[in-house]
Amino acid sequence: MLTMLADFQSVLGIVHESDLFGSFKMMGLGMLGILIVMMLLYLLIMVLSKFGKEKKN
């Protein structure tokens with residue numbers, strides 16, 4: 001019978017390897033989401049700056 005051994009004991013309970021990998025995956029997806037939003041905002045600012053320039057008389 002196979003049992004999953006704890007990697008370490010934290011204040012909130014036993015932490016297993018699968019918990020760590022799940023946390024890292026969630027953290028990576030969150031960081032990817034932040035990067036995508038930052039790129040979209042950058043592109044939006046670039047597009048608006050092209051069309052929003054004042055015309056000289």
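The values are calculated or read from the model by the stated rules, or taken from the named source; none is laboratory data. Treat the numbers as computed from the prediction; the structure is a model and nothing was measured. A quick note on method: Cβ atoms are made from the backbone with ideal geometry, for glycine too, and the neighbour counts reach across all protein chains shown. For accessibility, only protein heavy atoms count, side chains too; no ligands or nucleic acids. Shrake-Rupley method; radii C 1.70, N 1.55, O 1.52, S 1.80 Å.
Cβ-Cβ contacts under 7 Å between residues 6 or more apart (or on different chains), taken from a first residue in the range 15-32 that is among the aliphatic types (A, V, I, L, M) to a second residue that is exposed (fewer than 11 other Cβ atoms within 10 Å of the Cβ), are listed as V15/F8.
Residues in the range 6-34 that are open to solvent by 90 Å² or more (accessible area, probe 1.4 Å) and part of a helix (DSSP H, G or I): E17, F21, F24, K25, M26, M27, L29, M31, I34.
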